[in-house]
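J.: Let me give you the structure first, and then I'll get to my questions.
The values are calculated or read from the model by the stated rules, or taken from the named source; none is laboratory data. Please read all numbers here as calculations on a predicted model, not as lab measurements. Glycine gets a Cβ as well: all are built from the backbone with ideal geometry, and neighbour counts include every protein chain shown.
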Amino acid sequence: MEADEIAYILYNDQKPKEEGSGFAVQHEKGHTKGVVLLDKTQGFWLVHSTPHFPPPKDEGEFAYPSTGEKNGQNFLCVTYPLERFQTIGEQLSINEPLIYDCSVPDSMASSLPSLAALCGKSWSEGSNASLPLSDPLSLVPSNRSVELASLAGTAFVSFAKGSSFENDLYHSWVAPALQSDLLVQFWHESAGVLPSDCSQNWEVLNVKTISLGSADEFMTTKDHSKWAVGTEDASGSWICVGDINRNEAEEKRGGGTVCHSNSAVWKAYRTAVVEYYPCEG
C-alpha cells in the first residue's frame, strides 16, 4: 500500500525517549495515550496507558518499552470504518494530545479535516466536520461524548474532556451519563489522588486490589492501567478503558475513556476487582 493511502497519529504525554532528553512528562498537554491508523476504507483507534509507546515510524521496527513491563497496562483496540475517523479526530482535539509522530496525506485530508488539523494541516473549507478545528485548542468544547459504531457494528461511547473541564472524568460525568455506580482502576502512585466519592446519585469507588484468574492478588500501586467497571450487571454491564487517572492535577488536563456494554466483558473485569476503597464518612 502506498504512503499516500495511509494516515496515522501517535500521541503520548510521555513520548518515546529522544536522544539526550530523558523521559520528560508533558504536563501542559492531555494525559492521553493512543494510536490512530487508517487507510481509505477503515482503520483502528488504540487507546492505552503505556508511557513511551509506541516508537515513531522512523525507528523502522516495533518495540515495547521496558518501562511498560513492570506494572499493569491496558489496551483497547477497535476497528472502525473510514467515516468514524472525523469524529475520532474531534474527540482527540478535545483531549489536547501530545502528538509526536503523524501523517495525514493530502489525498485524505479533505475528508478528515480534524485529523489533518491535529497533524498541523490547515482547516479545509466546506468540509463535513461538526467542529471548527483550525485552532483546536481554543474552539473545541470542554467535553463531549459521542457514540461510535465499530466496523462490525458494535456500539462504543467515547468520553473526551479537555483541560477547561476542570473536574473528575468519572464522578462528575461518566457515572451519571451511564447511570451506573463505577469501580475505577487507575495509577495511585501520584499526588492528590481523589478518594472514592458517594456524594451524588452515582458512586465512584477506587479499586484497591485486583486478581486475574488464578494469579495472585496485587495492589493498584502495581497497576498503571486506567479502566472502570459498573458495580452491577443490571446497571448496563458497562466497562470503560481510558488513559486518565483520578487525581487533582488531572482534573485540569485532557483525557478520556471509551465505554462498551457487554455482559461477558463486564463479568471478566468485575470479578477481577477483589477489594475497593469505600467512601469516607
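J.: Among residues belonging to the stretch 200-210 that are at pLDDT 95 or above and not in a strand (DSSP E or B), point out the one that is surrounded by the most Cβ atoms within 10 Å (Cβ to Cβ).
T.: Among residues in the stretch 200-210 that are at pLDDT 95 or above and not in a strand (DSSP E or B), the one surrounded by the most Cβ atoms within 10 Å (Cβ to Cβ) is TRP202.
J.: Moving on to the next point. Scan SER214, SER263 and give me the residue that is in contact with a Ser or Thr (Cβ under 8 Å, 6 or more places away or on another chain), surrounded by fewer than 20 Cβ atoms within 10 Å (Cβ to Cβ) and farther than 22 Å from HIS48 by Cβ.
T.: Result of the check over SER214, SER263: SER263.
J.: Separate question: Being of a type in the set (Gly, Ala, Ser) and within 28 Å of PRO51 (Cα to Cα) is the filter; apply it to the stretch 184-199 and report the residue that is surrounded by the most Cβ atoms within 10 Å (Cβ to Cβ).
T.: Here the residue is SER196.
J.: In the stretch 79-115, what count of residues is obtained for those that are under 12 Å from the mean Cα position of the chain (by Cα), within 22 Å of THR154 (Cβ to Cβ) and not in a helix (DSSP H, G or I)?
T.: 0
J.: If you scan the stretch 257-271, which residues turn out to be in a helix (DSSP H, G or I) and in contact with a strand residue (DSSP E or B) (Cβ under 6 Å, 6 or more places away or on another chain)?
T.: VAL265, TRP266, TYR269, ARG270
Per-residue answers, yes or no, for (1) of a type outside the set (Gly, Ala, Ser); (2) modelled with pLDDT of 95 or more:
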position	(1), (2)
GLU83	yes, yes
GLN86	yes, yes
GLU90	yes, yes
SER93	no, yes
TYR100	yes, yes
GLY120	no, no
ALA129	no, no
LEU139	yes, no
ARG144	yes, yes
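J.: State all residues of the stretch 35-71 that are among the β-branched types (Val, Ile, Thr) and part of a helix (DSSP H, G or I); if no residue qualifies, say none.
T.: We begin by selecting, within the stretch 35-71, every residue among the β-branched types (Val, Ile, Thr); these are 35-36, 41, 47, 50, 67.
THR67, the sole residue that qualifies.
J.: Within the stretch 212-245, work out how many residues are under 26 Å from PRO97 (Cβ atoms) and assigned to a helix (DSSP H, G or I). So that I can check it myself, show each step before the final result.
T.: If we filter the stretch 212-245 for residues that are under 26 Å from PRO97 (Cβ atoms), which is where we start, we get 220, 223-229, 238-245.
Pick out the ones that are also assigned to a helix (DSSP H, G or I) and you get 220.
Here the count works out to 1.
J.: Quick check: anything in the stretch 243-256 crowded, with 23+ Cβ neighbours inside 10 Å and either β-branched (Val, Ile, Thr) or modelled with pLDDT under 95 (or both)?
T.: yes
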